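Q: Below: one structure in C-alpha cells.
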Amino acid sequence: MEYDKNNIFARILRKEIPANVVYEDDYALAFHDVNPKAPIHILVIPKGEFISFYDFMETASPGLVVGFSKAIHHVLHAFDLQEMGFRLLSNYGVHGGQEVPHYHVHIFGGRLLGRMLPEG
Ligand code: 5GP
C-alpha cells in the first residue's frame, strides 16, 4: 500500500488545512480531534509519510520513534493527565477500523473512560 500524500493528516501537517494544534516539534504534531469522544481527545501524528503503526515501526528512524513517543508524553504532561489518567489508542486495519491513513495515536482523558472496549 502506498502512502496517500493527500490524506487529511498529511494536509494538516503541510498546513494546507487548519487544525487546533496543541503541540509541535521536529518529530510530531498534536491537535484536537474534530469530533471529540471525550473532554480531551487529541491526535498525535509523526512528521513523515507513515500509513500505520506497522509502517512507522518498520520504516521510521529510531530517533523519530523515540521523538514521537516523547511528544505524546509531552502532551500528557501539558494537559495534566498523569494524576487522573488517560487512554492511548491507535487503530489499524479492518478490525481496528483506522480511517485516516496517516499513523496517529489518540489521547483520551477528562472523564471516566470505562473499561477497555464497548461490548459487542
Ligand atoms: P481513526 O479511526 O483513523 O483512528 O481516527 C481518525 C480520527 O480523525 C477520528 O477521530 C476523526 O474524528 C479525526 N479526524 C478526521 N478528520 C479530521 C480533521 O480534518 N481534523 C481533525 N482535527 N480531526 C479529524
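The values are calculated or read from the model by the stated rules, or taken from the named source; none is laboratory data. All values reported here derive from a predicted model rather than from experimental measurement. Cβ coordinates were reconstructed from backbone atoms using ideal geometry, including for glycine residues, and neighbour counts include every protein chain displayed. What goes into the accessible areas is simple: the full protein's heavy atoms, side chains included, and nothing from ligands, DNA or RNA. Shrake-Rupley method; radii C 1.70, N 1.55, O 1.52, S 1.80 Å.
Q: Report, by residue number, each residue of the range 60-87 that is among the hydroxyl-bearing types (S, T, Y) and more than 15 Å from the chain's Cα centre (by Cα). Quick ask: steps written out before the conclusion?
A: Step one: of the range 60-87, the residues among the hydroxyl-bearing types (S, T, Y) are 61, 69.
Residue satisfying the conditions is S61 alone.
Q: Here is a follow-up. Residues in the range 84-103: is at least one touching an Asp or Glu at 6+ places or on another chain (Cβ under 7 Å), of a type outside the set (F, W, Y) and crowded, with 16+ Cβ neighbours inside 10 Å? Even if it seems obvious, please write down each step before you answer.
A: Taking the range 84-103 as the starting set, the residues that turn out to be touching an Asp or Glu at 6+ places or on another chain (Cβ under 7 Å) are 101, 103.
Then keep just the ones that are of a type outside the set (F, W, Y); that gives 101.
Subset that is crowded, with 16+ Cβ neighbours inside 10 Å: 101.
Among the residues of the range 84-103, at least one is touching an Asp or Glu at 6+ places or on another chain (Cβ under 7 Å), of a type outside the set (F, W, Y) and crowded, with 16+ Cβ neighbours inside 10 Å, which makes the answer yes.
Q: Could I ask something else about it? Of the residues P46, P36, only one is open to solvent by 60 Å² or more (accessible area, probe 1.4 Å), closer than 20 Å to Y23 by Cβ and within 16 Å of the ligand (Cβ to nearest atom); which? Break it down into steps so the answer makes sense when it comes.
A: Values: P46 fails: open to solvent by 60 Å² or more (accessible area, probe 1.4 Å).
That would be P36, the only listed residue that is open to solvent by 60 Å² or more (accessible area, probe 1.4 Å), closer than 20 Å to Y23 by Cβ and within 16 Å of the ligand (Cβ to nearest atom).
Q: How about the range 82-120: which of its residues are closer than 13 Å to K37 by Cα, small (G, A, S) and within 16 Å of the ligand (Cβ to nearest atom)?
A: G109, G110
Q: Which of the residues that make up the range 51-80 are hydrophobic (A, V, I, L, M, F, W, C), closer than 15 Å to Q98 by Cβ and open to solvent by 20 Å² or more (accessible area, probe 1.4 Å)? Show your work before the answer.
A: Quick first cut of the range 51-80, residues hydrophobic (A, V, I, L, M, F, W, C) only: 51, 53, 56-57, 60, 64-66, 68, 71-72, 75-76, 78-79.
Checking which are closer than 15 Å to Q98 by Cβ leaves us with 51, 53, 56-57.
Residues satisfying the conditions are I51, F53, M57.
Q: Okay, moving on. I'd like to verify a number: residues in the range 9-30 that are open to solvent by 40 Å² or more (accessible area, probe 1.4 Å), among the acidic types (D, E) and under 11 Å from K47 (Cβ atoms), how many?
A: So the count comes out to 2.
Q: Output the residues belonging to the range 1-24 that are under 13 Å from the mean Cα position of the chain (by Cα), more than 19 Å from E99 (Cβ to Cβ) and not β-branched (V, I, T).
A: Those that are under 13 Å from the mean Cα position of the chain (by Cα), more than 19 Å from E99 (Cβ to Cβ) and not β-branched (V, I, T): Y23, E24.
Q: Given F53, F68, F79, which one is of a type in the set (F, W, Y), under 21 Å from I12 (Cβ atoms) and within 14 Å of the ligand (Cβ to nearest atom)? Explain how you work it out, then say what you get.
A: Details: F68 fails: within 14 Å of the ligand (Cβ to nearest atom); F79 fails: within 14 Å of the ligand (Cβ to nearest atom).
Sole residue among the options that is of a type in the set (F, W, Y), under 21 Å from I12 (Cβ atoms) and within 14 Å of the ligand (Cβ to nearest atom): F53.
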